[in-house]
1. Quick test of your reading: applying the under-4.7 Å Cβ rule, which cysteines of the chain are isolated?
2. Would you mind giving the three semi-axes, in whole Å and largest first, of the ellipsoid equivalent to the chain according to its Cα gyration tensor?
3. Short version: ³J(HN,Hα) in whole Hz for each residue of region 55-63, in order, from phi by Karplus 6.51 cos²θ - 1.76 cosθ + 1.60 (θ = phi - 60°), x for Gly and Pro, what are they?
4. Please compute the length gained on full extension between His285 and Thr387, using 0.36 nm multiplied by the number of residues separating them and subtracting their Cα-Cα distance.
5. Can you run phi through the Karplus equation (6.51, -1.76, 1.60; θ = phi - 60°) for region 468-479 and list ³J(HN,Hα) in whole Hz, with x for Gly and Pro?
6. Compute, for Asp274, the solvent-accessible surface of its heavy atoms (probe 1.4 Å) with the complete set of protein chains present, and express it in square angstrom to the nearest 10.
7. Given His177, Val47, Pro297, which one lies farthest toward the positive end of the charge dipole of the chain, if we put +1 on the Cβ of every Lys and Arg and -1 on the Cβ of every Asp and Glu?
8. How much accessible area does Arg18 have with a 1.4 Å probe, in Å² rounded to the nearest 10?
Amino acid sequence: MSAPIQPPRTRWVRDPSRAFDREALRTRLLGDGVRFGAWGWIVPLAVALLAGILRFWNLGHPHALIFDETYYVKDAYSLLQSGYERQWPQDANDAFTAGSPAPLDAAAYVVHPPLGKWLIAAGMLVFGTDNGWGWRFSPAFFGTLSVLLLALVAQRMFSSVVLGGLAGMLLAVEGHHLVQSRTALLDVFVMFFALAAFWALVEDRFHGRRLLADRLAAAAAGGTPPASLLLYGPWIPWRPWRLAAGVLLGCALGVKWSSLAFVAVFGLMTVLWDVQARRAAGIRHWFLGAVFREGMPAFLTIVPAAALTYLATWAGWLATSGGYSRDWAASHPPDGWGWAPAWLRSLAEYHRSAYSFHQGLHSDHQWESSPWSWLFAGRPVLFWIETTAQGEPGCHASSCFAVVTDLPNPVIWWSAALALPVVLLFWGGRRDWRAGAALSGLLAGFLPWFAYPERTMFFTYTIAFGPFMVLALTYVLGLAAAGPAPPGRRRAGLLVVGAFVALAVLVSAFFLPVWTGGTLPYDFYRLRIWMPSWG
């Protein structure tokens, strides 16, 4: 099943003439190949099954539109009916949950792209529009699938079935991820598509290095490649995994614009991997060769694919005539944009308006929080609360609370935050690409929010980089369980990691009622509020 993280090893060739053999190049660029066998699927599928049970169990509770479900679920219903979002009368939630939705005819002004709401609508189409199973099915499905993806990508990165399963297990029981997978919000879809794009680029890293090794070996023909080839290296324009990543990043953009940071950071990350590969292969001008012979094709693959996919997410708005601002161009002169079709000018105006709205979103909210507090889970969001008295169903105390809060598992979340300096140290000190890869998702999902200090923000946004926090934590746990330590010390490291995982699971069991809307006596509820800002 393979071992936890081992320190990188350098393998030298005895005969310089064999430095460009296919085997020598692949070893230099890819390391020792690891075959996972059947366990490579059994373990990830097992943790995904656990995640699915936690996410789909009693999914229809509470039977109410909680937190921002009041916007996105009704928007999803409008998309099913009209192909675009429509306005709703005041206090429409009760009628909606009673099975009598009645949107108004007027188009609604919404500021998020439609794909996430279309995905919510897909669940409603299958399971109905009058129950939580219908509007929460897609978030639960994509949340479960993201656990499988993280297990597979961690297994690939760390060459370890054990660490892949560990990463999947931690994400499966992590409360913040669990709650958002059980709620019809948009951020869970951003998280999934960003993680899926990351997985595609990790696969591309291995695929691209195999191509580089094979082309250099073929040119060498048992000797040394021609000097002209070693100057900049071969052209490798076609990388299908990058096309897949572009499509997935376009889907993330089609859910929320905040995903644009993932496009930029992941694009830079994949080019840096190419730079490292060409240097290791023995290319003389490795930086220029990577930038121009692989970086430019990467840009021309990922960015157009993302842009076209994003445009496709607006198909409902484009195919109908009633959407907000759909006919704006008909009543406004082109002003130098006469070459652009009317639908494109109308869509561009819609985007300009929505961007201005986001820039000016400064309204106070009871559960808003600053990014400075996110790594410490300073202010999670209370999605739903219901109080009951003694004698009412499920309440055997003088008073009871039922809540849904996106509070993370504090053991996992705080440990992941503490792991980040270690990961940064190993990336800077050892140039370990796995450490840099884990940090890339955090950089893309977290740091851009500091550019808008006055904007109203919520802890819910952190789900976008939550899997990368778990990936960073897994990296450090792998270091603790491996390395050149004596057997006795390694055994102690394994025991510590095992104890940590057991504690994380027990803490998740303790917090499960406040993640799933379980009824608790008031005193038991307060036992789970460890900080004043949590309640």
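The values are calculated or read from the model by the stated rules, or taken from the named source; none is laboratory data. Just so we're clear, the structure is a prediction, and the values are computed from it rather than from any experiment. Note that each Cβ is placed from the backbone with ideal geometry, even for glycine, and that neighbours are counted across all protein chains shown. Ligands, DNA and RNA are stripped out before the accessible areas are found, and what is left, the full protein with its side chains, is counted by its heavy atoms. Shrake-Rupley method; radii C 1.70, N 1.55, O 1.52, S 1.80 Å.
1. Within the chain, the cysteines lacking a partner Cβ under 4.7 Å are Cys251.
2. Over the Cα atoms of the chain, the ellipsoid semi-axes are 42, 33, 18 Å.
3. Values per residue, Gly and Pro as x: 8, 9, 5, 6, 5, x, 9, x, 7 Hz.
4. 30.0 nm
5. Using θ = phi - 60°, the values come out as 6, 4, 5, 4, 5, 5, 4, 4, 5, 4, x, 5 Hz.
6. That residue has around 10 Å² of solvent-accessible surface.
7. Pro297
8. 120 Å²
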